[in-house]
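Have a look at the structure below, then the notes.
The values are calculated or read from the model by the stated rules, or taken from the named source; none is laboratory data. Just so we're clear, the structure is a prediction, and the values are computed from it rather than from any experiment. FYI the Cβ positions are ideal-geometry reconstructions off the backbone, even for glycines, and counts take in every protein chain you see. The protein model used for the area step is the full one, side chains on, heavy atoms only, and it has no ligands, DNA or RNA in it. Shrake-Rupley method; radii C 1.70, N 1.55, O 1.52, S 1.80 Å.
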Amino acid sequence: MRVRWEDVARETYDDMVSVLLYRIHPEAERIDGKGGDEGRDLQLATPDGLSIFQLKSFTGRMTKGRRAQVKKSLKRAQESNPAEWTLVVPIDPTPAENRWFEKLRGEASCPLLWRGRTWLDKEMSTRPEISRYFLNDADKEVIALLRELNEEQAAVSDVHVATERARALHKRLNEIDPFYSYDLTTGIAAASPPPPGTVLSRRNGDVRVDVHPKYRGAAVDRPITTTLELAFGPDDAKLQDEFVRSLKYGTAVSIPARVVRQVKIDAPGGLGTSFSGGSLELGQSNAPGKELSIVAELRRDEKLLASLPMTLHPRSRGQEGGILEGRDQIGFLNAEVTVNLEERTFTATFRLREVSQLPSALLPTLRWLRVLRAPNELVLLGEGGFNVSTTVPETEDLIDEVLVRVVEALDDIQRCSGVYFETPVEFTDDDIKEVFEIRKLLAGERVEGTW
């Protein structure tokens with residue numbers, strides 16, 4: 001079916017073409033335009049840099065006012081230093097419009113592409129389920145097919161006919177939903193856990209349907225939402241705090257049946273449901289992503305006191321932020337960091353772990369811990385503009401100042417003597433006294449004692 005672009009509303013055009021670009025570039029990311037999209041509706045990270053797509057629903061001709069809008073969008077997009085910028089609009093340019101766009105190319109800091117009506121028609125024709133979903137109420141067909149799949153066993157007595165019929169329905173279902181794919185499992189296997197990557201699993205007897213996103217942003221374009229009605233009692237303050245933390249940061253929490261009033265799930269393909277009563281288990285919302293290399297800086301009055309490289313990796317993600325965990329370069333200092341991305345703040349828990357290291361390897365972390373105290377400011381800086389800060393609270397120091405001085409003395413002794421050995425796990429009072437005396441002797445200072 002060919003799309004009549006003149007009849008497509010702007011919001012529908014943006015959603016439909018965004019899904020098309022997602023299907024072409026599964027790693028693309030859609031930009032929420034509520035706060036201003038800065039000249040980019042979608043962006044794609046490539047080895048050469050950021051590739052930006054700007055969607056315009058114009059039809060007919062590129063008038064003076066429309067050209068001004070395009071130019072404004074391009075100007076804002078260039079602030080992100082893109083490697084490429086693409087205008088996607090259902091208009092094939094005339095020679096005059098081509099000359100205007102060539103002039104834009106000469107003024108731009110990156111290559112410009114124009115994807116017009118012919119390109120859109122070609123790409124949509126190879127993915128007809130997208131236009132069918134947005135323009136022909138195919139979402140209702142998805143629901144009908146799922147119901148038909150669920151009832152297929154009872155409707156057909158011949159096993160071979162039932163199998164072929166279910167296979168055909170399953171194929172049709174996956175063709176018409178542009179956001180999600182559906183896997184059908186029957187028999188004993190339906191009782192097994194769903195595979196990794198499943199965002200929703202619904203089981204009815206010995207039939208299980210697993211839902212998977214077709215591209216990374218599918219859950220944003222067609223979210224799966226849950227509405228909870230809970231009734232916390234006067235003695236449930238701790239439980240309520242754990243529930244709020246689960247929503248904010250994606251941590252796991254168990255809600256007992258006495259608190260649960262109603263649960264309603266809105267899901268694609270008519271797989272939503274509602275129920276009342278029963279306990280509720282909210283599992284940890286795992287946060288995919290690569291390790292984040294950061295620098296933890298301690299400051300006072302904007303003066304840098306100490307810095308420490310660390311590596312963090314995401315553990316969970318919620319509505320306002322997430323939890324990361326990691327360590328310093330030698331695994332001596334371990335951290336759990338709860339980040340509130342909306343407020344650009346965080347809280348952290350630090351723990352020390354026994355490691356076998358030379359004094360010189362321990363000293364950067366020990367010296368950093370020496371100034372991890374109130375009222376200093378702790379700032380975490382990382383790639384991609386990661387920047388969060390907090391004020392160190394009044395707590396007991398993680399290390400004793402004497403320990404830092406002893407390890408510094410051991411490092412001096414090893415450098416002077418050329419004899420290197422790992423730092424002992426424990427020091428007695430006599431050990432500490434001897435270390436300081438040896439450093440004095442190696443420095444040419446006088447030491448008094450009893451022979």
Note down the magnitude of the dipole of segment 206-325 about its Cα centre, charges +1 on Lys and Arg C-beta and -1 on Asp and Glu C-beta and zero elsewhere, to the nearest 20 debye. 220
Just the projected area, averaged over all directions, of the convex hull on the alpha carbon atoms of segment 89-138: how many nm²? 4.4
On full extension of the chain, what length is gained from ARG10 through GLU325, given 0.36 nm per residue of separation minus the C-alpha to C-alpha distance? 109.1 nm
Could you report segment 317-405's accessible area per residue, 1.4 Å probe, as an integer in Å²? 52
Helix 237-249 axis, angle to the chain major axis (alpha carbon atoms, nearest 10°): 70
Once you keep just the Cα pairs under 8 angstrom separated by 6 or more residues, what percentage relative contact order results for the chain? 8
Hull shadow area, averaged, segment 257-367 [alpha-carbon convex hull, nm²]: 11.3
Please give the helix 159-176 orientation as an angle from the longest Cα principal axis of the chain, in degrees from 0 to 90, rounded to the nearest 10. 80
Links exceeding 20 Å between C-alpha atoms in this model, out of LYS72/LYS122; LYS75/LYS290; LYS72/LYS103; LYS64/LYS122; LYS64/LYS103, come to LYS72/LYS122; LYS75/LYS290; LYS64/LYS122
From the square roots a ≥ b ≥ c of the eigenvalues of the alpha-carbon gyration tensor of segment 370-433, which class results: rounded (a/c under 1.5), prolate (a/b over b/c), or oblate? oblate
Taking a cut-off of 17 Å between Cα atoms, list the aspartates and glutamates near LYS303, but don't count ones fewer than 8 places away on the same chain. GLU377
With the Cα gyration tensor of the chain in hand, convert its eigenvalues to equivalent ellipsoid semi-axes via √(5λ) and list them largest first in whole Å. 56, 34, 20
Computed E for GLU422/ALA45 - FRET, C-beta separation, R0 41 angstrom, nearest 0.05: 0.45
Give me the number: length gained by fully extending SER274 to VAL402, i.e. 0.36 nm times residue separation minus the C-alpha to C-alpha distance, one decimal in nm. 40.0 nm
To the nearest 20 debye, what charge dipole does the chain have about its Cα centre, counting +1 at the Cβ of each Lys and Arg and -1 at the Cβ of each Asp and Glu? 2400
How would GLU6, GLU394 line up by accessible area, probe 1.4 Å, largest first? GLU394, GLU6
Given the rule -39500 (n - 2.57) for each run of at least 4 DSSP H residues, summed and divided by the residues of the chain, what is its mean residue ellipticity at 222 nm, to the nearest 500 deg cm²/dmol? -11000 deg cm²/dmol
What is the projected area of the convex hull of the Cα atoms of segment 203-332, averaged over all directions, in nm²? 13.0
Modelled label-to-label distance, ASP241 and GLN357, 7 Å Cα→beta-carbon offset: nm? 3.3
Relative frequency of Cα-Cα separations exceeding 20 Å in segment 195-253, percent: 51
For LEU104 paired with GLU281, estimate the spin-label separation in nm (one decimal), with each label point 7 Å from Cα along the Cα-to-Cβ line. 5.4
Ignoring ligands, DNA and RNA, what percent of the accessible area of segment 277-436 is carbon or sulfur (1.4 Å)? 46
Report the label-to-label distance for GLU84 and GLU291 in nanometres (one decimal), using points 7 Å from each Cα along the Cα→Cβ vector. 3.1
Nearest 10 degrees, 0 to 90: what angle lies between the long axis of helix 138-155 and the longest principal axis of the chain (Cα atoms)? 90
